[in-house]
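Notes for the one structure printed next.
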Amino acid sequence: MNNSLLFQNRFFLLKSLGILTASAGVLPVSLGVGVGLLLLHTPPFTFIGGQSMIVLAQTPVKPDINALFKSGIEQFRQGLFPEALATFKTVLEQQQKQGKPEEIAETLTYIGEVYSNLGNDTEALKVLQQALTSYRQLNQQAENKNPEYQTGISRSLNLIGFSYRNQNKVSEALKLHQEALQIAQSINDRPNIAEALHNLAYDYSSLKQYDQALKFYQDARKVREEVGDKRDLSRTLNNLGALYLVQGDTQKALEIYQQALALRRQIGDQAGVGRLLGNMALLYRQLGDDTQALVYLKQASEFMTRIADHTGAAKIHNLIGEIQEKLKQPDQALSSYQKAIELAKLANDQNNLSTALNNLATLYYAQGEYSQALQTWKEVLAILEKTGNQKAAQETQLRIEELEKKQGG
């Protein structure tokens with residue numbers, strides 16, 4: 001079973017085996033209507049009397065940065081990540097002219113979280129490290145007496161840890177999330193306490209320490225319900241459902257997923273809805289109901305495409321192709337794998353790209369199209385060697401050698 005969609009962060013969608021979180025804003029489970037730069041235009045006044053007309057010059061109105069910042073947050077919470085990124089970058093440009101370091105740090109944190117939700121952890125880490133450095137400097141200047149700066153440090157640590165986990169640096173992520181929890185508890189910052197608990201649960205899930213993960217998710221859920229943020233609560237429910245699914249309790253997982261999906265729909269979070277639909281598809285697949293799984297996956301692909309989540313969409317199309325192949329629909333499967341390849345390239349996602357290419361090569365082989373299978377497996381091998389996946393590279397090399405012998409014989 002492909003568990004890649006199981007867990008979400010605030011952000012985010014899924015990594016192998018896992019849970020996606022991003023910060024509290026986090027995604028990783030971390031953690032959106034396109035409102036770009038709003039310029040107000042006042043029509044010129046026109047006075048008409050006889051043959052004379054006076055037109056008063058129009059004065060440009062500067063954008064309201066606070067309103068624009070709030071628009072970015074709303075876009076983010078609705079899962080409209082490309083729009084949110086553009087809005088926050090516009091805000092940052094204006095803030096940098098005004099020289100307010102605390103506001104710049106906050107905006108950088110949101111930009112980093114958006115990048116994480118878009119699957120671009122490299123860019124996310126760049127801006128999040130800037131934000132963390134700024135918050136630490138501000139906190140030092142304030143002699144550790146300003147809780148707002150400590151909150152910023154905790155949130156930044158949560159998000160950086162999420163990105164590290166996405167890069168399979170689970171030990172580093174665990175340390176950062178423990179530090180984030182300690183700081184949040186020291187100032188009784190309930191939202192970031194919940195976020196750190198949520199992320200620690202994800203870390204332990206990644207380490208297959210499921211009992212520890214369950215405890216932390218339950219603790220996070222309790223604090224989330226106390227705080228009352230539906231988006232964050234749904235993120236924790238999503239991951240909790242994924243954990244139950246990994247443990248084989250499909251009924252409990254389905255119950256939790258449905259609760260999370262209802263919350264996502266209530267707040268209009270398109271990214272969250274899409275990811276939950278993907279997770280529910282995995283559940284039905286585990287139950288052996290591929291037809292229902294396919295229905296959910298196709299719905300999920302629409303949401304992922306709408307919010308330009310190319311990484312998530314590539315995973316979805318890979319799964320769709322696998323089911324179509326199992327249902328003896330090779331032409332449809334071929335199209336799905338090709339779409340997954342296209343999306344993975346757009347996202348520069350080498351893992352999903354190698355998976356899609358491998359699926360495509362296997363399909364070619366099953367159809368007796370050995371030359372195309374051989375060429376495609378060679379593409380897979382090049383990616384695996386580049387990314388350092390030695391075990392998979394060795395397996396692929398064996399397939400290539402066997403196929404070359406078959407063609408030569």
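Observations on the structure shown:
- Residues of region 165-186 that are over 13 Å from Tyr204 (Cα atoms) and modelled with pLDDT of 95 or more: Leu176, Glu179, Ala180, Leu181, Gln182, Ile183, Ala184, Gln185, Ser186.
- Looking only at region 363-380, residues that are buried (at least 17 other Cβ atoms within 10 Å of the Cβ) and either among the small types (Gly, Ala, Ser) or under 17 Å from Lys326 (Cα atoms) (or both) come to 4 in all.
- Helices (runs of 4 or more DSSP H) fully within region 184-282 counting 1 or more residues that are farther than 29 Å from Gln292 by Cβ: 190-206, 210-227
- Scanning region 262-272 turns up at least one residue that is of a type in the set (S, T, N, Q) and more than 28 Å from Asp121 (Cβ to Cβ).
The values are calculated or read from the model by the stated rules, or taken from the named source; none is laboratory data. This structure is a prediction, so every number in the text was calculated from the model and none was measured. Positions of Cβ are backbone-derived with ideal geometry, glycine not excepted, and every protein chain shown enters the neighbour counts.
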